[in-house]
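Since the structure comes first, as structure tokens, the remarks are kept for the end.
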Amino acid sequence: MQRPPPEDFLLKETKPHLGGGKVSGDKLTSTYDLVEQMQYLYVRVVKAKDLPAKDVTGSCDPYAEVKLGNYKGTTRHFEKKTNPEWNQVFAFSKDRLQASVLEVTVKDKDVVKDDFIGRVWFDLNEVPKRVPPDSPLAPQWYRLEDRKGDKAKGELMLAVWMGTQADEAFPEAWHSDAATVGGSDALANIRSKVYLSPKLWYLRVNVIEAQDLQPTDKGRYPEVFVKAILGNQALRTRISHSRSINPMWNEDLMFVAAEQFEEPLILSVEDRVAPNKEEVLGRCAIPLQFVDRRLDHKPVNTRWFNLERHIVVEGEKKKDTKFSSRIHMRICLEGGYHVLDESTHYSSDLRPTAKQLWKSGIGVLELGILNAQGLMPMKTKDGRGTTDAYCVAKYGQKWVRTRTIIDSFAPRWNEQYTWEVFDPCTVITIGVFDNCHLHGGDKAGGAKDSKIGKVRIRLSTLETDRVYTHSYPLLVLHPNGVKKMGEIHLAVRFTCSSLLNMMHMYSQPLLPKMHYIHPLTVSQLDSLRHQATQIVSMRLSRAEPPLRKEVVEYMLDVGSHMWSMRRSKANFFRIMGVLSGLIAVGKWFDQICNWRSPITTILIHILFIILVMYPELILPTIFLYLFLIGIWYYRWRPRHPPHMDTRLSHADSAHPDELDEEFDTFPTSRPNDIVRMRYDRLRSIAGRIQTVVGDLATQGERLQSLLSWRDPRATSLFVIFCLVAAIVLYVTPFQVVALLSGIYVLRHPRFRHKLPSVPLNFFRRLPARTDCML
């Protein structure tokens, strides 16, 4: 039996003050009822007018400066404009307010020293409060004052109010928490953002045949194949067996394509003229926007495509107008499949690509990302450790990214997000990362956001309409062992809109029907999943702010299929855990047969006799027994979501060399002697597996040899026994046979002996095909 994980690695239930105390039971009361309210002072600087000219040239380059205590934010500046429009919002955290007066100053940008134009003062005690869904506060014009408090030339349009993170202005506002971050690019990198994965399709290219090919060497049989390229994906058919100028293939090639279908499908028919030399016989480009889309298994129409070839005329490439080769194909975008871009075990979406095939939603998933505690320093700045943490959550096609909290080991996000749920048997993944693209991180080149840890929550393990508030350990496996990087505090609620629809989902296939009518091979799925993750990571890395490749790959568990000794051990013990129930039943039955507890054995005898006399009670008794077990276990049902288990993963007991092997690149980058040692270790493990597989094959072959006459004496004995058994069972009532057999199996140890039984002796003497093995 495994020991429980350390206390530090366990899930902790919490009771945060959600929604400012407005949560009544489990009912939805406001948009931000799953997070703790955070108060902010908002300043919207809209525009100015009639500003005076301060430069020698008689022009004005104005900008506004918003100052509150030690925090200072500035708008962009306009050149030579006396009526600038900024429309920028500044947010100051109420927890860090260090002054009672807000000062908004308008200045003129200058080379040496910026000139003062005027300012506006606000007493924080008189600032109004606003709580959505109240309408936004209307900006007002304020006359600028000079340093002495007298009226100055010019006016400034402002709105100042106290609000929470639920305010519409919050996502785009400049935050006092990020006052140390300079530059518009760096500010864009710290904002919260919602992303959508690109819509992915499977592209099926059925290459049928080609006609009238023109190889250069007419005196040989051409060895022709078709190469297809879509973006970074390249596939090729086998070489045609017809070996003529009219070759045939009838072979399917599968690609992953993403809307907006920016790249065409490039097809080239090539002739292998030498072992490492191919000659292009024709080429064509097919835009995917005009390709047929199918939603079911009905075949689409085939089409002939003209091939083009370019010839060199006077040093220039020109299209060969006399060229008339063509290729016959069936091309379609498959809308009936779900394009797998994440590990099957952690899928967050199982819907087909085509929206017409989507079923109605069954509920809503709400996630409140509250805060993190005890984060480890991820990088060094000015000689001390620091962490700039942000969260990413992925469910379905929607990715969300919280704002980055600068230089904090206990960041508070308090951001809430919502997803529509179509299948309860799906998983939401929440990851925490350190932003390495601030303070000139992009200029360093090759900087990657560091992973702090992630959490997975399966929706089917949640009770509906209940708010789960827990602190999850952030565990990361490093080459030197498992390490706790901190804790993340989440609030989760799964609301079901139709209980009947959700229960009906449990009877439906997990994947769309095309996966079962026209299944793809395992190797195809692996290759297509790899291509899909590459496309998703590339598209999201092009967004603003980018969701970088290393973040997307960590969230999608790219590379989790690679060999790992630790994972292999964990899976072996998982299998043993599943079989432990059967083993326990076997041990219990052995104790019954050996009369360890005579009273229990006598009761089993009585139950057995009743079931034999009344066989119609067997199935009802089994199902009633299962029902009672289920009701009994209800008292100890899990009251919290599952989380990362270091014991189950064998992460805390893995040998350092096994972890080093797990983190090795593919192909390996380790020295030869280490690779040789690991190879020998793998051979010894594989040898044991080989022995077990061989033993299983031996038992199966012995069963086959009962009637194969490979051993004529054994088969004749078995055939005679079958004849006698058939006659005896025909003339003897079945209940008598079952009763006698059961009493014989449950007989007292006084009537047993320790030698193996006759049937077992007979079976072990049967021949297997091991004698024929080299």
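The values are calculated or read from the model by the stated rules, or taken from the named source; none is laboratory data. None of these values were measured; they are calculated from a predicted model. Heads up, the Cβs are rebuilt from the backbone with ideal geometry, glycines too, and the neighbour counts pull from every protein chain shown. Accessible surface is based on the protein model in full, side chains and every heavy atom, while ligands, DNA and RNA are left aside. Shrake-Rupley method; radii C 1.70, N 1.55, O 1.52, S 1.80 Å.
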| request: Please work out if Val736 is within 30 Å of Thr600 (Cα to Cα) and either in a helix (DSSP H, G or I) or open to solvent by less than 100 Å² (accessible area, probe 1.4 Å) (or both). | output: yes
| request: Any residue in region 142-157 that's under 10 Å from Trp121 (Cα atoms): show its pairings with residues that are open to solvent by 80 Å² or more (accessible area, probe 1.4 Å) at Cβ separation under 7 Å, as long as the two are six or more apart or on different chains. | output: Glu145/Lys151
| note | Going through (1) surrounded by 10 or more Cβ atoms within 10 Å (Cβ to Cβ); (2) under 23 Å from Phe608 (Cα atoms) one by one, Tyr730 fails only at (1)
| Matching residues in region 685-717 - criterion: being open to solvent by less than 50 Å² (accessible area, probe 1.4 Å), part of a helix (DSSP H, G or I), out of contact with any Lys or Arg (no Cβ under 9 Å at 6 or more places or on another chain) and more than 20 Å from Trp563 (Cα to Cα) | Gly694, Gly700, Thr715, Ser716
| Scope region 534-551; condition out of contact with any Phe, Trp or Tyr (no Cβ under 8 Å at 6 or more places or on another chain) and surrounded by 15 or more Cβ atoms within 10 Å (Cβ to Cβ); matching residues | Gln534, Ile535, Val536, Ser537, Met538, Arg539, Pro545, Pro546, Arg548, Lys549, Glu550
| request: Would you point out the residue of region 399-417, among those that are closer than 26 Å to Arg96 by Cα and of a type in the set (A, V, I, L, M), that is surrounded by the fewest Cβ atoms within 10 Å (Cβ to Cβ)? | output: Ala410
| query | Do we find a residue being touching a residue at least 60 places away in the same chain (Cβ under 8 Å), over 28 Å from Ala354 (Cα atoms) and among the hydroxyl-bearing types (Ser, Thr, Tyr) anywhere in region 236-246? | reply | no
| query | When the residues of region 369-392 are filtered to those that are small (Gly, Ala, Ser) and surrounded by fewer than 23 Cβ atoms within 10 Å (Cβ to Cβ), which remaining residue is farthest from Met555 (Cα to Cα)? | reply | Gly383
| From the list Arg676, Arg747, which residue is out of contact with any strand residue (DSSP E or B) (no Cβ under 8 Å at 6 or more places or on another chain) and farther than 30 Å from Val612 by Cα? | Arg676
| Restricting the search to region 346-372, which residues are under 20 Å from the mean Cα position of the chain (by Cα), assigned to a strand (DSSP E or B) and of a type in the set (A, V, I, L, M, F, W, C)? | Val364, Leu365, Leu367, Ile369
| request: Take the residues in region 610-638 that are assigned to a helix (DSSP H, G or I) and in contact (Cβ under 8 Å) with a residue 60 or more places away in the chain, then tell me which one is least open to solvent (accessible area, probe 1.4 Å). | output: Val612
| remark: Apart from one, (1) modelled with pLDDT under 90; (2) closer than 30 Å to Leu196 by Cα all hold for Lys317; the odd one out is (2)
| task | Counting only residues that are within 16 Å of the chain's Cα centre (by Cα), give me the strands (runs of 3 or more DSSP E) lying completely in region 450-566 with at least 1 of them. | result | 450-458
| task | Residues being surrounded by fewer than 17 Cβ atoms within 10 Å (Cβ to Cβ) and either within 23 Å of Leu124 (Cβ to Cβ) or at pLDDT 85 or above (or both): count how many of those fall in region 78-92. | result | 3
| request: Tell me which residues, restricted to region 584-604, are among the β-branched types (Val, Ile, Thr), surrounded by 11 or more Cβ atoms within 10 Å (Cβ to Cβ) and without any contact (Cβ under 8 Å) to a residue 40 or more places away in the chain. | output: Thr600, Ile602
| query | With respect to Ala725, is the statement that it is touching a residue at least 12 places away in the same chain (Cβ under 8 Å), part of a helix (DSSP H, G or I), of a type in the set (A, V, I, L, M) and open to solvent by less than 60 Å² (accessible area, probe 1.4 Å) true? | reply | no
| Among Arg702, Arg710, which is the only one that is touching a Leu at 6+ places or on another chain (Cβ under 6 Å), of a type outside the set (Ser, Thr, Tyr) and over 23 Å from Val612 (Cα atoms)? | Arg702
| note | Checked region 639-684 for anything among the small types (Gly, Ala, Ser) and either outside any helix (DSSP H, G or I) or open to solvent by 80 Å² or more (accessible area, probe 1.4 Å) (or both); matches are Ser649, Ala651, Ser653, Ala654, Ser669
| query | Can you spot a residue in region 749-771 that is farther than 28 Å from Glu616 by Cα, modelled with pLDDT under 85, charged (D, E, K, R) and part of a helix (DSSP H, G or I)? | reply | yes
| task | Hey, could you check region 552-574 for residues that are open to solvent by 20 Å² or more (accessible area, probe 1.4 Å) and modelled with pLDDT of 90 or more and say which is nearest to Leu200 (Cα to Cα)? | result | Glu553
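Rundown of residues vs (1) surrounded by fewer than 22 Cβ atoms within 10 Å (Cβ to Cβ); (2) closer than 21 Å to Ser347 by Cβ; (3) at pLDDT 90 or above, yes/no style:
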residue	(1), (2), (3)
Trp419	no, yes, yes
Phe422	yes, yes, yes
Ile428	no, yes, yes
Leu438	no, no, no
Asp442	yes, no, no
Gly445	yes, no, no
Arg458	yes, yes, yes
Arg466	yes, no, yes
Leu499	yes, no, no
| remark: For Val207, the lone unmet condition from (1) more than 17 Å from Trp304 (Cα to Cα); (2) in contact (Cβ under 8 Å) with a residue 60 or more places away in the chain; (3) not small (Gly, Ala, Ser) is (1)
| Does region 660-679 contain any residue that is of a type in the set (Asp, Glu), modelled with pLDDT of 90 or more and out of contact with any Gly (no Cβ under 8 Å at 6 or more places or on another chain)? | yes
| message | If Gly396 meets every condition in (1) crowded, with 20+ Cβ neighbours inside 10 Å; (2) under 12 Å from Gly486 (Cα atoms) apart from one, which number is that one? | response | (2)
| task | Sort out which residues of region 501-526 are exposed (fewer than 11 other Cβ atoms within 10 Å of the Cβ) and within 17 Å of Arg204 (Cα to Cα), and write them in order of number. | result | Tyr516, Ile517, Thr521, Val522, Ser523
| Flag for Leu607 being open to solvent by 60 Å² or more (accessible area, probe 1.4 Å), part of a helix (DSSP H, G or I) and in contact with a helix residue (DSSP H, G or I) (Cβ under 7 Å, 6 or more places away or on another chain) | no
